[in-house]
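Engineer: One structure follows; several queries about it will come next.
The values are calculated or read from the model by the stated rules, or taken from the named source; none is laboratory data. Treat the numbers as computed from the prediction; the structure is a model and nothing was measured. Here Cβ is always computed from backbone atoms with ideal geometry, including for glycine, and neighbour counts include all displayed protein chains. We work out accessible area using only protein heavy atoms, side chains counted, and drop any ligands, DNA or RNA first. Shrake-Rupley method; radii C 1.70, N 1.55, O 1.52, S 1.80 Å.
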Amino acid sequence: MVIRRAERRDARRLTRLVRSSGAYEGRYSAMVEGYRVGPDYIEAHRVFVAVREGVPGSEGGGAGAMKGERVGERVLGFYSLIVEPPELDLMFVDDQAQGYGIGRRLIEHMRGEARRVGIDRVRVVSHPPAEGFYRSVGARPSGTVRANPPAVMWDRPALTFVVGEGV
């Protein structure tokens, strides 16, 4: 697995990953319905993608490849770090790639990227089912973000990563 900076041409695959996330089924589906990770978003933020290279028949390879996608590369997950104010804005791991440490690797990478740009704390407003994961990789509870209908219909836990500290 390689973690690299996302490129404009990754936008469709990242959007597909968000919209197909099993974590957003049922009552949470409205959050990702119609969601788009556009090329403009990728250029404006620090977006990093975890990929497995050299995958025959994977998305980006063969006749079904979308224009501009990398051949033989499978997207396993991604995150987006906003610098001002410091926030982990998006983080998704492909449903079939979960349980293999990819999320942990993305968080480690995010911490390194935050250190590199001089950030000492990163906030994350968690999807409620993901709170346990964030705590397991070192995030500390820091409050609750109240529901904001119609955009968000439920309260969400806020957590903070202290960047200089490990898990």
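Engineer: Zone of Arg115 (label point 7 Å along Cα→Cβ, backbone N under 18 Å): which residues in the stretch 139-166?
Structural biologist: 139-140, 161-166
Engineer: Quick query: amide H of Ser142 versus all other amide H atoms, modeled in the peptide plane; which residues come in under 5 Å with a sequence gap of 5 or more or a different chain?
Structural biologist: Amide H to amide H, under 5 Å and 5 or more residues apart or across chains, Ser142 pairs with Ala158, Leu159, Thr160.
Engineer: What list of ³J(HN,Hα) values in whole Hz, one per residue of the stretch 129-135 in order, does the Karplus curve 6.51 cos²θ - 1.76 cosθ + 1.60 (θ = phi - 60°) give from phi, with Gly and Pro shown as x?
Structural biologist: Those phi angles translate into x, 8, 4, x, 4, 4, 5 Hz.
Engineer: Report the net charge of residues surrounding Arg27, where surrounding means a beta-carbon distance below 15 angstrom and charges are Lys +1, Arg +1, Asp -1, Glu -1.
Structural biologist: Numbers: positive: Arg156; negative: Glu25, Glu33, Asp155.
Within the 15 Å Cβ shell, the charges total -2.
Engineer: May I pose another question? Using a probe of 1.4 angstrom, how much of the accessible area of the chain is carbon and sulfur, in percent?
Structural biologist: Working: 4250 of 8830 Å².
C and S fraction of accessible area: 48 percent.
Engineer: Which cross-chain or sequence-distant (5 or more) residues have an amide H under 5 Å from the amide H of Val163, H modelled 1.01 Å from N in plane?
Structural biologist: Distant-sequence amide H within range of Val163: Arg121, Val122.
Engineer: Which three extents, in angstrom, do the Cα atoms of the stretch 1-51 have along their principal axes, listed largest first?
Structural biologist: 32, 25, 15
Engineer: Please turn the phi angles of the stretch 21-33 into ³J(HN,Hα) values with the Karplus equation 6.51 cos²θ - 1.76 cosθ + 1.60 (θ = phi - 60°), one per residue in order, whole Hz, x for glycine and proline.
Structural biologist: Listing the rounded values in order: 4, x, 5, 10, 8, x, 5, 8, 4, 4, 5, 10, 4 Hz.
Engineer: Next question. Under 10 Å, Cα contacts only: if you run a Gaussian network model on the chain, which one of Gly138, Gly38, Gly99 comes out with the highest mean-square fluctuation?
Structural biologist: Judging by the Gaussian network model, the answer is Gly99.
Engineer: Counting only trypsin sites (Lys or Arg not before Pro) that are in a DSSP loop and have at most 16 other C-beta atoms within 10 Å, tell me the longest site-free stretch of the chain. Walk me through the numbers before you get to the answer.
Structural biologist: Values: sites that count: Arg36, Lys67, Arg146.
Value returned for the longest uninterrupted segment is 68-145.
Engineer: How about the stretch 67-133: which chymotrypsin sites (Phe, Trp or Tyr not before Pro) there are in a DSSP loop, with at most 10 other Cβ atoms within 10 Å of their Cβ?
Structural biologist: Working: sites: Phe78, Tyr79, Phe92, Tyr100, Phe133; in loops: Tyr100.
Qualifying residues, ordered by number: none.
Engineer: Hey, could you get me the Stokes-Einstein D for the chain, Kirkwood radius over alpha-carbon pairs, 20 °C and 1.002 mPa s, rounded to whole µm² s⁻¹? Walk me through the numbers on the way to the answer.
Structural biologist: Numbers: Rh = 16.5 Å.
D, rounded to a whole number, is 130 µm²/s.
Engineer: With a 1.4 Å probe and all protein chains left in place, how much accessible area per residue does the chain have, in Å²? Numbers along the way, then the final one.
Structural biologist: Details: 8830 Å² over 167 residues.
Per residue, the chain has an accessible area of 53 Å².
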